[in-house]
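These notes are about the structure you will find just below.
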Amino acid sequence: MSQYKKITTLLIVILAMLVYIITFPTAFNAGTKTFSDSIPQFRERDFQFGLDLQGGAHLLYEADFSDIPYENKEQRMEGLRNIIERRIDLYGIADAYVRVTGDRLAVEIPGAHDLEEAINIIGETPFLDFREISSEKAEIREEKEKEVKDFLGKELYEIEMDDFMKLEESEIENWEVVFEDPFEVTELTGRHLESAGVSYHHITNEPFISLRFTDEGAVLFEEITERNVGKNLATFLDGELLQQARVEEKISGGEAQITGDFTIKEAQEIARDLRIGALPVPIELVSQQSIGPALGEDALNVSLLAGLIGFAFVAAFMIIIYRLPGAVSIISLSIYGLLMLFLFQVIPVSLTLSGIAAFILSIGMAIDANVLIFSRIKEETKKRGNLKDGIEEGYKRAWPSIRDGNFTTLMVAVILFFITTSFVRGFAITLILGILVSIFAAMVVTRALLDVLEESRLKKVKKFWL
């Protein structure tokens, strides 16, 4: 046996052993612990399952566009989805499903059976926006305010409930505008934020939130301050007025401050949530539901049983039809399955029913490659009368068919991954991994094992090969 073949076979054996130990480390850790406690232990990992297998929480939010320009609805909802996904990712939750339908956002979190915990994971990410006083509204409000004060003979802050009854009966039209919010929303919102942090006043040492806008936000802020010189500009967080300040001059550079009656902890929390992602539109939780894992567990058990039965039938077929090479393919297929389980844990891949279906499908594709190879090896060995040449030529002639068949399937799987929702993505990513690993198993692992057998005494027994 050549040095190259020896090294290749040895590396495959080492790889299989290492992958097995990392994937199922319990026995190895227990064995090493009996010798010495100083031997490093492999971390035990659990497989991650999707919502359909382990249950979880389903939350439905509705976006509020009442105070926001509606023309950018699709962009804002897409931005909302991305921000919620990013917030969930910070908690290390895999395969969370976030879907936008119209004004509604559905969030499914696998493993979160405590609804309150799931709601806390989404959190109350604040909606930040800047508002300016409408000149028209300001004039009307100022006029009506004078009429109301003259009629009641008191300041607005002194008005009591009885005074509202008097105003109802008065001849003052539209007196309600005196008590309405004089501000109008602007284009500048939290989605234009680049960063947010906590700073302290150099004299009073009181905390305030410092903001830096994106390039687009900086331009908007400059335009807003320019047209509001001598007027008040207000900052709202979740619809609540945080501050209003008089604009003395146009502000360039894209920086602003939010002051208020904050504690240090409150300022830090607001800044943190704004950094994670200020929502481009306010949302309200309208529905919450806990999804049980019982059905998924039954489906998982049935799927695993189907996979084992299928594997047993495939093994029997390969050994009966292809004899010794068929047995080699089963060893190669076992290494393939071990590598796939290893990747599921390490990446990690959240296993859904569709993902398990893709795994079982890729097992069939892995065997398909071996069938093509073994059929070619039979033909070439009979033609040339030499097993070594038969294996060499069989692989050369089978590779174009294996390459083209797997590549076309791989293209479809990649397209599915990029244009579909997360449940189908689970199928796609599992299928992509399965195709790549199956090519490795067929072209490297099976080939190395066949080369070992070809140089052993078994090559002389023709009924094992033909």
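Every read-out reported here was derived from the displayed coordinates using simple, explicitly stated rules and does not represent laboratory data. In this text, all values refer to a predicted model and were calculated from it rather than measured experimentally. Please note: Cβ atoms are built from the backbone with ideal geometry, for glycine as well, and neighbour counts cover all protein chains shown.
Listed values, structure above:
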item	result
Residues L338, L416, sorted so that the one with the fewest Cβ neighbours within 10 Å comes first	L416, L338
Rounded to 10°, Cα long-axis angle of helix 294-346 versus longest principal axis of the chain	20
Estimated distance in nm for a label pair at I203 and E187, the labels positioned 7 Å out from Cα along Cα-to-Cβ	3.7
Gyration tensor verdict on the stretch 130-275 (Cα atoms; rounded if a/c is under 1.5, prolate if a/b is larger than b/c, oblate otherwise)	prolate
Rel. contact order, % - alpha carbon contacts under 8 angstrom, at least six apart, the chain	20
Burial ordering of I140, I335, fewest other beta-carbon atoms within 10 Å first	I140, I335
Largest-first principal axis extents of the Cα set of the stretch 156-218 (Å)	51, 33, 13
Reciprocal mean inverse distance between Cα atoms of the chain - Kirkwood radius, Å	28.2
Two-site label geometry, E226 and K6: point separation in nm, points 7 Å out along Cα→Cβ	7.9
Label-point separation in nm, V461 to D215, each point 7 Å along Cα→Cβ	7.2
Residues L436, L242, L211, L59 arranged by fewest to most Cβ contacts within 10 Å	L436, L242, L59, L211
Rounded, prolate or oblate (a/c below 1.5 giving rounded, otherwise prolate when a/b exceeds b/c) for the stretch 391-450 by Cα gyration tensor	oblate
